[in-house]
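What follows is a short report on a single structure.
The values are calculated or read from the model by the stated rules, or taken from the named source; none is laboratory data. Being a predicted model, the structure only gives us computed values, none of them experimental. Note: ideal-geometry Cβ built from the backbone for every residue, glycine included; neighbour counts use all protein chains shown. Protein only, heavy atoms only, side chains kept; ligands, DNA and RNA dropped before computing areas. Shrake-Rupley method; radii C 1.70, N 1.55, O 1.52, S 1.80 Å.
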Amino acid sequence: MEPQLIIFDCDGVLVDSEILAAEVESQLLTQSGYPIEPEDIAERFAGLTWTDILLQVEKESGIPISASLIEESSRQMDHKLRNELNVIEGAEQVIAALKYPKCVASNSISSSLKMMLEQSTLYDLFAPHIFSAREVGTQKPKPDPNVFLFAAKQFNVDPARCIVIEDSSHGVHAARTAGMRVIGFTGGAHTYPGHADKLTDAGAETVISRHRDLPAVIEAMTVWSEAV
């Protein structure tokens, strides 16, 4: 049961973009009459698209949310990603040395993925296997399993032989629904108290906070599978 494909989420796993998104989204929601801190955005909504967050907030609060927030968020995020984005520590070195086939499966659109990953060696390490949930398969974002099932199909591998690296409970749920094993990741700047427990509760078999621990955990999971 050695894995045949390692699938990485992007935001909050490869690049530290989740904290930037939380800052932009909390500011826009607060200005719209829904006060919320970036930390609360990260804890409650990490892994969801901005559109889904807006729909959930509107349903929960009854406050009409302007469609212009989608365009404004995109404008502000583009500026932040180009000027403030950092790669998660250790990601490039570990992924370059990874012996398994690998890909990216994200809710972000492909143009954003390309722009974020090209700020390091990550784009070349994964290209062309970089998949946007909203542009492949059924075009349904996580927590739907669409993008993970699409990725497995491209490599012609059984979902059960895939290991997913995810930082959000929504992403973990999507991967588990796809029939894949999951390693939770809490190494991003958006991590919060109880983050690891939330990932485990969603179905992650184990949780790491450093990329350098990933190879050993993957090998350990192979042994655990054989033991079962």
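The modelled label-to-label distance between LYS140 and VAL94, using points 7 Å beyond Cα along the C-beta direction, is 3.0 nm. Cα centroids of the stretch 80-128 and the stretch 13-58: 22 Å apart. Counting only DSSP H runs of at least 4 residues, each contributing -39500 (n - 2.57), and dividing by the residue count of the chain, the helix-based mean residue ellipticity at 222 nm comes to -14500 deg cm²/dmol. Counting only alpha carbon atoms, the long axis of helix 214-227 and the longest principal axis of the chain meet at about 60°. Among beta bridges identified by DSSP and lying wholly in the chain, the antiparallel ones come to about 5 percent.
Using a simple spin-label model with pseudo-atoms 7 Å out from Cα toward Cβ, LYS59 and GLU39 lie 2.7 nm apart. Label the stretch 71-166 by shape, choosing from rounded, prolate and oblate, from the square roots a ≥ b ≥ c of the eigenvalues of the Cα gyration tensor; if a/c is under 1.5 it is rounded, and otherwise prolate applies when a/b is larger than b/c, oblate when it is not. It is oblate, given that a/c is not under 1.5 and a/b is not larger than b/c.
Mean-square fluctuations from a GNM of the chain, with a 10 angstrom spring cutoff on Cα atoms, peak among ILE183, ILE19, ILE218 at ILE218.
Take the cross-link list LYS142/LYS198; LYS99/LYS142; LYS99/LYS153; LYS99/LYS198; LYS114/LYS198; LYS80/LYS102 and give me the ones stretching past 24 Å between alpha-carbons. Walk me through the numbers before you get to the answer.
Numbers: LYS142/LYS198 16 Å; LYS99/LYS142 27 Å; LYS99/LYS153 20 Å; LYS99/LYS198 29 Å; LYS114/LYS198 29 Å; LYS80/LYS102 27 Å.
Checking Cα-Cα distances, LYS99/LYS142; LYS99/LYS198; LYS114/LYS198; LYS80/LYS102 exceed 24 Å.
So if we plug the beta-carbon distance of THR30 and ASN86 into 1/(1 + (r/R0)^6) with R0 = 25 Å, what FRET efficiency do we get, rounded to 0.05? Efficiency for this residue pair is about 0.50.
Write down the accessible area per residue of the chain in Å², having rolled a 1.4 Å probe over the full set of protein chains. Can you show the working numbers first?
On the way: 10420 Å² over 228 residues.
Per-residue accessible area for the chain comes out at 46 Å².
Within the accessible area of the stretch 1-151, the carbon and sulfur atoms contribute 49%, probe 1.4 Å, all protein chains present.
Compared with the dominant principal axis of the Cα atoms in the chain, helix 18-31 is inclined by about 20°.
Principal-axis analysis of the Cα atoms of the chain puts helix 68-84 at an angle of about 60° to the longest axis.
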